[in-house]
Every structure is written in structure tokens, then in C-alpha cells.
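Below is one structure; the comments refer to it alone.
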Amino acid sequence: MLDIRFIREHYDLVRQGAEAKGLTVNLGEIITLDEARRKHIQEGEALKARRNEVSAQIGKIKKEGGDASAAIAEMDQVKNRIQQIDHELRHLEAKLNELLLTVPNIPHSSVPYGKTPADNKEVFVWGEAPTVDFPLKPHWELAEKLGIIDFTRGAKTAGAGFPFYVGKGATLERALINFFLDQALQRGYKELWPPIVVNEESARGTGQIPDKEDLMYVVERDGFYMIPTAEVPVSNFHRDEILSEKDLPIRYAAYTPCFRREAGSYGKEVRGLNRLHQFDKVELVKFVHPSTSYDELESLKEDAEHVLKLLGLRYRTLLMCTGEMGFTQSKKYDLEVWAPGQQKWLEVSSCSNFEAFQARRMNVRFRPTNGGKPEFVHTLNGSGLALPRIVAALLEQYQTPEGKVIIPKALHSYTKFEIIG
């Protein structure tokens, strides 16, 4: 959420930021409501001051034995008007807050303007595509042949996008989760094991609503949302708290299953593990001082890249353009791995800086060491990493001519085996 004062003072910047993200926001109505709200506040404060004056006059008149009926009548009028203003003010503020939740975050000045994926900026590429003398298979063919992922029985049991991991496939999944968490802990993150459902206030705090309702599964009977990412519960861990400046930055890592409806997804882009409704992910979340948040974004990106290098997976880093960023981000990097069996890049991580946008919605602040007024922290998060496409890339990159799959050395102590097949 953007501060209403910031919107008033930077109206064109906010409007242009929304347009750059391909969004339309009724800023005019927001400004009109804010002006009405401020006028009501001013009138209410003036009437309350007058109420105090009249109250003192009434006391003085009565003490002197005079007739206070006129003053009492004025007091009643003032009291009724104050009550009316308070009622109107609650309505104005509720409507204003509802509209403020629809205003997207402003892109950072370093973010390239653009509308499509072609406008994203490739800033780094690591590794080489494997050179082989046999035709590479896509991961879904390898997984079926090896019997390590069962898409058919998953679809029978729950629906498309809910696969079973079987045997060494299940072990590989568990190994990757533990490997990712261990790497995060070694790099200074504290582990959390969060709930996989959140309430509406938590979903609103991170910006999932009112923006991504159609992407989330809802437990309507109990008012829960199945989490689309651990970002939601972990970011809300400090909601409505005032942190100490000396404790910043605070870094958390959490594994959760994630649930996404992915409405409208179809075709070859969702085949195999490319897009699932339930998947595993290790998430990295930071609460940082505003002065260091962009340095923290770079280190967050490096933390996710470090794991890809250990796995020996070719990847590239993209700086996302304005139109490809989400509602809440100020700046975002995407990491994509090369899937040689499909001859395409697959996104496995997004690393984002939200500045104070989420913190204002969640009311997460820090108290400066010098004792000044509490300020909003900056929040960041990144996938460290999402597992399905990592598994897809591993199967495709490390396949052998016989259809077996070699396990990267970094995982041997976790899987306890070095080859599948």
C-alpha cells in the first residue's frame, strides 16, 4: 500500500507507475475522498475545540447563577454534528482504504519499461548447454520410463497438476528440499515451519488480495486461503509488530507445499512439471532497513543463484520490465534454468523488493536506535528454489543415452544414490 500523502504529492508518478504495469487506477476518486476526509477531520477538530469552550462557558454561567440554556442548546448542536462527522468519516476512511488497496507499487527507476517478456533484460547467464550425441528427451518421458513421477494416478486422485512422486522421485524431491534449506541456513537465514493456510488479513497484507484471488484455493467454510507461496505466512510473522533497528536485517527460510489454481493455463506450457497446482518450494524472506533494501535484493538473488551453481544447472537472470512485474513489486529479478530436453528456459525463482508496500499493509515497523519515530521496514522475498522445474531441468540435463539420470554430486549425501535407473 502506498501512503496517501505520497499519492497526493506524487500523483503523476503514481499514475505513470500503474500505467507502466498495465493497470488502471481511479486516483481521482482517491484524491476526492482524501480531500473530503481531511475537511471532515478539520471541521471535527474545530467543533471539538468549540465544544470545550462552550462547556467551560456553561460551567461558568451556572456558577454565577445565570441562564445557560442557549449555551446548552449550542452544545447539543455541536455534539450532534460531531457524531455525524465521525459517522461520515468512518465511511470515507473505509472507502478510501478500500481504494488504496487497489493502487500498485511504483517500479524502481532502474526497472526497464516494457509490456511483454521480450522487454525483460537479460543481465547474466551462467553455464553451458549440455553437448550430447543423442536426442534429449523431455522430463515427462524420462519420469514415466523411470517410474519416478506418476501424472496419471495423480490426475485420477486429485486432478491434473497434482502428480505423485514415486520411489527415487520422492527421495529426490525430499533431498532437494533439505538441500535448499541447508544452503539457506548456511547463508544466514533462520528456518521457519509455517502454516499452509492463512486468513484473509494475511492474504491482504502481502497483496494476494485484492489482486490474485482467482489464483488461490479458498477453504470457504473456515475462511482460509491455501498459500500460493510461503511468502504469505512468513511475511505476516511480524505483522503489527515494531522491530528493533539493531535486529535488522531479519532473514527467514521456509519450506512449504504451495497451491495455485493457475486459472486459464493450458497446452504445452503446462505439460509435465512445467506448471502444477500443488508444488514444493523453499522461500527466502527478508525484513530490512530501507537504506539497505536494494543491496539486500542483490544478495537475495545471489543466494538463489548459488544453489543453481552447486547443482550445475545452466541459468540466466532477468531484470523484469514494468509490465512483467507484479502488483506489489518495486523491482524483480527472475531466474530461469535451461531445460535441454524441451529447449526452453523455465522460471525457478523470482527475487523481489517490495520496499514499504507490504510492510504498510501489514503494519511492520522498526524503532530507530536513536529513539526516533517508528518507520516501516522494507520486505523482500525470493524462491530458493521452486522444485518442480528444478527437477525437470535436472532430469533433462543429466540424462544418459540409456535413459538413466545422473544425480549431481551436491545431492549425493541427501539422496544416498548417484543414479536413477
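For (1) at pLDDT 95 or above; (2) open to solvent by 10 Å² or more (accessible area, probe 1.4 Å); (3) outside any helix (DSSP H, G or I), each residue gets a yes or a no:
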{"residue": "R251", "(1), (2), (3)": "yes, yes, yes"}
{"residue": "P257", "(1), (2), (3)": "yes, yes, yes"}
{"residue": "E262", "(1), (2), (3)": "no, yes, yes"}
{"residue": "R275", "(1), (2), (3)": "no, yes, yes"}
{"residue": "L284", "(1), (2), (3)": "yes, no, yes"}
{"residue": "E296", "(1), (2), (3)": "yes, yes, no"}
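State which residue pairs qualify: first residue acidic (D, E) and inside the stretch 173-193, second residue in a strand (DSSP E or B) in any location, beta carbons under 8 Å apart, and separation of 6 or more residues or different chains.
E173/Y165; E173/D280; E191/Y252; E191/A253; E191/A254
In contact with a strand residue (DSSP E or B) (Cβ under 6 Å, 6 or more places away or on another chain), open to solvent by 20 Å² or more (accessible area, probe 1.4 Å), among the hydrophobic types (A, V, I, L, M, F, W, C) and at pLDDT 95 or above: is that true of F354 in this structure?
No; evaluated as a whole, the condition is false for this residue.
For the stretch 378-411, which positions are among the charged types (D, E, K, R) and out of contact with any Pro (no Cβ under 9 Å at 6 or more places or on another chain)?
Listed by number, the residues that qualify are R389, E402, K404, K409.
Out of all the residues in the stretch 405-417, is one or more surrounded by 15 or more Cβ atoms within 10 Å (Cβ to Cβ), farther than 30 Å from E141 by Cβ and in contact with a helix residue (DSSP H, G or I) (Cβ under 6 Å, 6 or more places away or on another chain)?
No.
Can you list the helices (runs of 4 or more DSSP H) found entirely within the stretch 319-421 that contain at least 1 residues being in contact with a Lys or Arg (Cβ under 9 Å, 6 or more places away or on another chain) and within 22 Å of Q208 (Cβ to Cβ)?
357-362, 387-397
Among the candidates T369, T322, single out the residue that is more than 28 Å from I196 (Cβ to Cβ), polar (S, T, N, Q), over 14 Å from the mean Cα position of the chain (by Cα) and at pLDDT below 95.
It is T369.
Residues that are surrounded by 15 or more Cβ atoms within 10 Å (Cβ to Cβ), among the polar types (S, T, N, Q), in contact with a strand residue (DSSP E or B) (Cβ under 9 Å, 6 or more places away or on another chain) and not in a helix (DSSP H, G or I): does the stretch 108-131 have at least one?
yes
If I ask for residues that are of a type in the set (F, W, Y) and open to solvent by less than 50 Å² (accessible area, probe 1.4 Å), which ones from the stretch 197-226 would you list?
If the condition is that a residue be of a type in the set (F, W, Y) and open to solvent by less than 50 Å² (accessible area, probe 1.4 Å), then Y225 is the only one that fits.
So how many residues does the stretch 81-93 have that are out of contact with any Gly (no Cβ under 7 Å at 6 or more places or on another chain) and closer than 17 Å to E53 by Cβ?
So the count comes out to 1.
Working only within the stretch 151-172, note down all residues that are under 24 Å from the mean Cα position of the chain (by Cα) and either crowded, with 18+ Cβ neighbours inside 10 Å or among the hydroxyl-bearing types (S, T, Y) (or both).
The one that is under 24 Å from the mean Cα position of the chain (by Cα) and either crowded, with 18+ Cβ neighbours inside 10 Å or among the hydroxyl-bearing types (S, T, Y) (or both): G161.
Does F164 satisfy the criteria of being aromatic (F, W, Y) and without any contact (Cβ under 8 Å) to a residue 60 or more places away in the chain?
Criteria met by F164.
Can you run down the residue pairs with Cβ atoms below 8 Å, 6 or more apart or on separate chains, where the first is in the stretch 399-414 and more than 15 Å from K145 (Cα to Cα) and the partner is buried (at least 17 other Cβ atoms within 10 Å of the Cβ) and β-branched (V, I, T)?
I407/T415; I407/I420
Going through the stretch 189-227 one residue at a time, which ones are assigned to a loop (DSSP other than H, G, I, E, B), in contact with a strand residue (DSSP E or B) (Cβ under 6 Å, 6 or more places away or on another chain) and over 16 Å from M362 (Cβ atoms)?
Y189, I196, M216, Y217
For the stretch 393-419, give me the residue count where each residue is of a type outside the set (S, T, N, Q) and over 29 Å from G188 (Cβ atoms).
Total satisfying the criteria: 12.
Given the structure, is L185 more than 15 Å from L387 (Cα to Cα), assigned to a helix (DSSP H, G or I) and open to solvent by less than 20 Å² (accessible area, probe 1.4 Å)?
no
Residues that are farther than 30 Å from L319 by Cβ and open to solvent by 30 Å² or more (accessible area, probe 1.4 Å): list the helices (runs of 4 or more DSSP H) wholly contained in the stretch 5-107 that include at least 2 such residues.
27-63, 69-100
The values are calculated or read from the model by the stated rules, or taken from the named source; none is laboratory data. Owing to the predicted nature of the structure, the values given are computational and were not obtained by experimental measurement. Counting neighbours? That spans all protein chains shown, and the Cβs are built from the backbone with ideal geometry, glycine included. For the accessible areas, the whole protein counts, side chains as well, though only heavy atoms, and no ligand, DNA or RNA atoms are used. Shrake-Rupley method; radii C 1.70, N 1.55, O 1.52, S 1.80 Å.
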